[in-house]
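J.: I have a structure I would like to understand better, so I am pasting it below and will then ask my questions one at a time.
The values are calculated or read from the model by the stated rules, or taken from the named source; none is laboratory data. The shown structure was predicted, so the numbers you read here are calculated from the model rather than taken from an experiment. Every residue, glycine among them, receives a Cβ derived from its backbone with ideal geometry; neighbour counts consider all protein chains shown.
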Amino acid sequence: MSQLSIRPIARLRTERSSIKWRRYAPDVLPLFVAEMDFEPCGAIVDAVSLALASGDTGYLDGPGPLAPAFAEFAERSWGWHVNPDRIHLATDVTVGLVETLRVLVPPVGARVVLTPPVYAPFYEMVGEVQGSVVEVPLVEASEWSLDLERLERVFAEGVDAMLLCNPQNPTGRCHSRQSLEALAELAARYDVPILSDEVHAPLSHPDAVFTPFAPLAEAAGVESFTVTSASKAWNLAALKCAWIVAAGERAADDLTRLPEEVAARTSILGLHASIAALDDTEWRDAALAQITANVDLLAAELGEHVPEARLVRPDAGYLLWLDLRDAGLGDDPAAVLRDVGRVAFNSGPTFGTGGAGFVRVNLACDPSTIVEAVQRIASVVRARRPLELAEAAAR
Ligand SMILES: Cc1ncc(COP(=O)(O)O)c(C=O)c1O
């Protein structure tokens, strides 16, 4: 396996211009937005450089060679048979979800189900289609699983669509095949289209099982759409290329109503990068090895310095849901950790119901960043610890 390179923080701060490095003052250690600190995958750099050098920088008319490349990747990774004719482009995953919602739901007042804690922009997407959110929170006591009983209740009351996040951001959990089968059965019974965001799936950890929703949806006769890209697993957000896969004929028909512009706005450089990414395994596996080592490191460092913290071990991706409800930092620990501790995480409450007292940690970084982040958390928590706990922690 190839060695993953990670640039030192001081260089990242001067050489990178994204939110991660520009949003906060330079003394704030950034472990928030989902961007990686890793050096890029060489094969992707080569593919994009070649396209640029040959002037292949025009508009796209459709997914072209990306469609069979993804079909091959999905078959190899998860045994999912994708029909390449049912793949459509979008600039990014969030636009893919919004544009799909637009063709499915009424122009105003759609009721869209979300299962918080969930990727915060899902709430904005529902707003973009002038709909309203129907929350069905995950069940923390059952490993952050889908609440199937409550889903059935809201489906029966009448909803227009559901946004599924699998693997779920921020918990990092891959929903079990059993719960996805049950969801597909409910969606079929109440005729609820399901849009499944599976962008973190290519980074499923070696001991986890990721189940794509589309084959289950097709078997159950549910109208379903999978929206994904290489933007998370290969850190390509800037390159603006994602794809929507229709499961079943009804979904395929509905996607023919996507405006032509949705594909034309997608980046041709992103398309070349995505094809190279789907052909890569070395870089992705090296990134995964670093991420899983970082999860263990975070657990060990927190265990030693912040025993109040409890981490939810992710099945996929590099984002980790950290429970700080016993750390005395209030409902929004990210705010106090940033302002006082000078370390930035995503704020738990922005992920919806169930997020109070949590932060989301980005582990796609150098191990030294994690050690430093825990020191900063510990200094804030220590200062707020009741005396008896402080004495126990010191023993
Ligand atoms: C679940 C999920 N969906 C979508 C996105 C954003 O993807 P894109 O930049 O392709 O819109 C993210 C980014 O972190 C995410 O975690």
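J.: Residue under question is GLY109, and the condition is that it be more than 22 Å from PHE210 (Cβ to Cβ), more than 14 Å from the ligand (Cβ to nearest atom), out of contact with any Ser or Thr (no Cβ under 8 Å at 6 or more places or on another chain) and small (Gly, Ala, Ser); does it hold?
T.: No: the conditions fail for GLY109.
J.: Is it fair to say GLY96 is farther than 22 Å from LEU320 by Cα and away from the ligand (no atom under 16 Å from the Cβ)?
T.: Details: farther than 22 Å from LEU320 by Cα: yes; away from the ligand (no atom under 16 Å from the Cβ): no.
Here the answer is no, as GLY96 does not meet what is asked.
J.: Now, a different point. Restricting attention to segment 308-330, does a residue exist that is part of a helix (DSSP H, G or I) and surrounded by fewer than 21 Cβ atoms within 10 Å (Cβ to Cβ)? Write out each step before concluding.
T.: The first filter runs over segment 308-330 and keeps only residues part of a helix (DSSP H, G or I), leaving none.
Checked segment 308-330: no residue is part of a helix (DSSP H, G or I) and surrounded by fewer than 21 Cβ atoms within 10 Å (Cβ to Cβ).
J.: Also: Check off (1) farther than 19 Å from THR353 by Cα; (2) within 14 Å of the ligand (Cβ to nearest atom) for PRO121 and give me the number that stays unchecked.
T.: All conditions pass for PRO121, except number (1).
J.: Consider GLU261 carefully, then state whether it is in the same structural domain as VAL82 (by TED's automatic domain parsing) and out of contact with any Phe, Trp or Tyr (no Cβ under 8 Å at 6 or more places or on another chain). Don't jump to the end; show me each part of the working.
T.: On the way: in the same structural domain as VAL82 (by TED's automatic domain parsing): yes; out of contact with any Phe, Trp or Tyr (no Cβ under 8 Å at 6 or more places or on another chain): yes.
The answer is yes for GLU261.
J.: Go through segment 239-266 and give me each residue that's more than 9 Å from the ligand (Cβ to nearest atom) and of a type in the set (A, V, I, L, M). Outline the logic, then answer.
T.: Quick first cut of segment 239-266, residues more than 9 Å from the ligand (Cβ to nearest atom) only: 239, 243-266.
Passing the criteria: LEU239, ILE244, VAL245, ALA246, ALA247, ALA251, ALA252, LEU255, LEU258, VAL262, ALA263, ALA264.
J.: Sticking with this one: Out of VAL113, VAL118, I need the residue that is under 25 Å from PHE345 (Cα atoms) and β-branched (Val, Ile, Thr). Which one? Walk me through how you get there before you give the answer.
T.: Numbers: VAL113 fails: under 25 Å from PHE345 (Cα atoms).
Only one candidate passes the filter, namely VAL118.
J.: What residue, of LEU89, LEU101, is within 16 Å of the ligand (Cβ to nearest atom), assigned by TED's automatic domain parsing to the domain that holds ASN166, touching a helix residue (DSSP H, G or I) at 6+ places or on another chain (Cβ under 9 Å) and farther than 26 Å from TRP321 by Cβ? I'd like the intermediate steps shown before the answer.
T.: Numbers: LEU101 fails: farther than 26 Å from TRP321 by Cβ.
Going through LEU89, LEU101 in turn, the sole match is LEU89.
J.: For segment 36-151, which helices (runs of 4 or more DSSP H) that fit wholly inside it have 2 or more residues that are over 21 Å from the mean Cα position of the chain (by Cα), within 30 Å of ASN294 (Cα to Cα) and among the small types (Gly, Ala, Ser)? Talk me through it step by step, then tell me what you get.
T.: Working: elements: 42-53, 66-78, 93-104, 121-128.
In segment 36-151, the matching helices (runs of 4 or more DSSP H) lie at 42-53.
J.: Any idea which of PHE73, PHE155, PHE122 is among the aromatic types (Phe, Trp, Tyr) and within 19 Å of GLU223 (Cα to Cα)? Lay out the reasoning, then the answer.
T.: Values: PHE73 fails: within 19 Å of GLU223 (Cα to Cα); PHE122 fails: within 19 Å of GLU223 (Cα to Cα).
None of the other options fit; the residue is PHE155.
J.: Examine segment 273-291 for a residue that is modelled with pLDDT under 95 and either more than 16 Å from the ligand (Cβ to nearest atom) or in contact with a His (Cβ under 6 Å, 6 or more places away or on another chain) (or both), and state whether such a residue exists.
T.: Of all residues in segment 273-291, those modelled with pLDDT under 95 come to 281.
Then keep just the ones that are either more than 16 Å from the ligand (Cβ to nearest atom) or in contact with a His (Cβ under 6 Å, 6 or more places away or on another chain) (or both); that gives 281.
Yes, segment 273-291 contains a residue that is modelled with pLDDT under 95 and either more than 16 Å from the ligand (Cβ to nearest atom) or in contact with a His (Cβ under 6 Å, 6 or more places away or on another chain) (or both).
J.: Please verify whether ALA356 is modelled with pLDDT under 95 and either in contact with a Pro (Cβ under 7 Å, 6 or more places away or on another chain) or buried (at least 22 other Cβ atoms within 10 Å of the Cβ) (or both), treating the condition exactly as stated. Before you say what the answer is, go through the steps one by one.
T.: Working: modelled with pLDDT under 95: no; either in contact with a Pro (Cβ under 7 Å, 6 or more places away or on another chain) or buried (at least 22 other Cβ atoms within 10 Å of the Cβ) (or both): yes.
No, not satisfied.
J.: Going by the structure shown, is ASP197 outside the structural domain of SER18 (by TED's automatic domain parsing) and modelled with pLDDT under 95? Even if it seems obvious, please write down each step before you answer.
T.: Numbers: outside the structural domain of SER18 (by TED's automatic domain parsing): yes; modelled with pLDDT under 95: no.
So ASP197 fails the test.
J.: Moving on. If I filter segment 159-180 for residues that are at pLDDT below 95 and either touching a Ser or Thr at 6+ places or on another chain (Cβ under 8 Å) or within 16 Å of the ligand (Cβ to nearest atom) (or both), do I get at least one hit?
T.: To start, the set of residues in segment 159-180 that are at pLDDT below 95 comprises none.
No; the residues of segment 159-180 include none that is at pLDDT below 95 and either touching a Ser or Thr at 6+ places or on another chain (Cβ under 8 Å) or within 16 Å of the ligand (Cβ to nearest atom) (or both).
Here's the yes/no breakdown for (1) touching a Leu at 6+ places or on another chain (Cβ under 9 Å); (2) within 16 Å of the ligand (Cβ to nearest atom); (3) at negative phi:
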{"position": "ALA182", "(1), (2), (3)": "yes, no, yes"}
{"position": "TYR190", "(1), (2), (3)": "no, no, yes"}
{"position": "SER196", "(1), (2), (3)": "yes, yes, yes"}
{"position": "HIS200", "(1), (2), (3)": "yes, yes, yes"}
{"position": "SER204", "(1), (2), (3)": "yes, yes, yes"}
{"position": "LEU216", "(1), (2), (3)": "yes, no, yes"}
{"position": "ALA219", "(1), (2), (3)": "no, no, yes"}
{"position": "SER231", "(1), (2), (3)": "yes, yes, yes"}
